[in-house]
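Quick note: the coordinates plus some simple rules give every number you see, no bench work behind them. In this text the structure is predicted, and so the values were computed from the model without any measurement. All Cβ positions, even for glycine, are placed from backbone atoms using ideal geometry, and neighbour counts span all protein chains on display.
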Amino acid sequence: MDDLNGVNIRTRLEEGDLKAISELHGRLYSDEFGYDHTFRQHVEMLLLELRDLDEDMERFWVAESKRDIVGCVAIAKGEGEKARLRFLLVDPKVRGRGLGRKLVELGVDFARSRGYSSIYLTTQQSLVNAGKLYHLAGFTLVEEGEVVKWGHTLIEQRYEMGLKG
């Protein structure tokens, strides 16, 4: 895919990608939000579910800079005819270049092209910039509630966007 300010985005998972992505999630969420080690384990388990993507309906995008993974996002089959946007992450060293916006755009466009009726995601209220990004992309906050996980009491949020009509 076209270079984005020194970042290349590819759709083919390579050997070691899932491990690197779970490590990046674990490190960034620990550094930025104080999440404990169980978060990385949770991400690793969820990523394993996407090892064998249905390439007609699911896709993973991996962003690289100088051979280092610096971001990602996935579209997975969700509830019913809905797509689920998952694993959005942009490494701080490449933030501010429009990569997060581009990854969300790629996911939404892919989900729309595959005929999904809508797309949803879950996130945490503490991820303020991600919430702004989802809102700007056209998602609406539809639900939130308190949960205890990863060593914190969090406000979990669900965003959705219709894709048809």
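Peptides 71-77, 143-149, 60-66 ordered by packing proxy, namely the average of other Cβ atoms within 10 Å per residue, highest first: 71-77, 60-66, 143-149. Under the simplified labelling scheme, the Lys19-Lys132 pair shows an inter-label distance of 3.6 nm, with each label point 7 Å from Cα along Cα→Cβ. Computed from the Cβ-Cβ distance with R0 of 35 Å, the FRET efficiency linking Asp109 to Leu46 stands at 0.95. Residues in segment 147-157 carry Karplus couplings, in order, of 9, 10, 6, 6, x, 9, 8, 10, 9, 7, 10 Hz; the curve used is 6.51 cos²θ - 1.76 cosθ + 1.60 with θ = phi - 60°, and Gly or Pro positions show x. For segment 8-162, the residue among Asn8, Gly138, Leu48 whose Cα projects farthest onto the positive side of the dipole built from Cβ charges is Asn8. Peptides 21-27, 51-57 ordered by packing proxy, namely the average of other Cβ atoms within 10 Å per residue, highest first: 21-27, 51-57. Across segment 103-115, computed HN-Hα scalar couplings (Karplus, 6.51 cos²θ - 1.76 cosθ + 1.60, θ = phi - 60°) run 5, 4, 4, 4, x, 5, 4, 4, 4, 4, 5, 8, x Hz from first to last residue, x flagging Gly and Pro.
Computed from point charges on the beta carbon alone (+1 for Lys and Arg, -1 for Asp and Glu), the dipole magnitude for segment 8-162 about its Cα centre is near 560 Debye. Multiplying the residue separation of Val148 and Met57 by 0.36 nm and removing their Cα-Cα distance gives an extension gain of 29.6 nm. Restricting attention to the chain, the count of lysine pairs at 8 or more positions apart or across chains with alpha carbons under 22 Å apart stands at 15. Modelled spin labels at Lys77 and Leu28, positioned 7 Å past Cα toward Cβ, are 2.8 nm from each other.
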